[in-house]
Amino acid sequence: MTIFIEFIVSFFLVLGAFFALAGSIGSYRLPDFFSRLHGPTKSTTLGVGSMAVASAIYFSFQSGRISLHEVLITLFLFITAPISAHFLAKAALHQRLHQKKEGTEKIS
């Protein structure tokens, strides 16, 4: 495997790790349910997708043919994550779960 392919795989792995970390931190730090939906659905999806692309590139060049498993996993991930976030948001609206207003935190 050439050094160029190794750099591409490393780039996608580091990019994926950054997005996964940012999504995890956002999911922990954001104040309410609707804000917390953005962490897993936006950045964590990009993070796992980048790692799957890195895996697809690596195994495609290892075996000499396209690695279909990783491509299908990435496609399934990018299709299902926004749909599941939409369903979660609709369920929260149905349960009348409201956003936390700025400046309404209790001081104990």
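The values are calculated or read from the model by the stated rules, or taken from the named source; none is laboratory data. Just so we're clear, the structure is a prediction, and the values are computed from it rather than from any experiment. Every residue, glycine among them, receives a Cβ derived from its backbone with ideal geometry; neighbour counts consider all protein chains shown.
Working only within segment 1-49, note down all residues that are under 9 Å from the mean Cα position of the chain (by Cα), polar (S, T, N, Q) and within 25 Å of R96 (Cα to Cα).
If the condition is that a residue be under 9 Å from the mean Cα position of the chain (by Cα), polar (S, T, N, Q) and within 25 Å of R96 (Cα to Cα), then T41 is the only one that fits.
If T44 satisfies all but one of (1) buried (at least 19 other Cβ atoms within 10 Å of the Cβ); (2) modelled with pLDDT of 85 or more, what's the number of the condition it fails?
(2)
In segment 26-41, what count of residues is obtained for those that are at pLDDT 85 or above and assigned to a loop (DSSP other than H, G, I, E, B)?
The number of residues fulfilling the criteria is 0.
With (1) over 30 Å from R96 (Cα atoms); (2) over 13 Å from the mean Cα position of the chain (by Cα); (3) assigned to a helix (DSSP H, G or I) as the list, and A52 as the residue in question, which single condition is left unmet?
(2)
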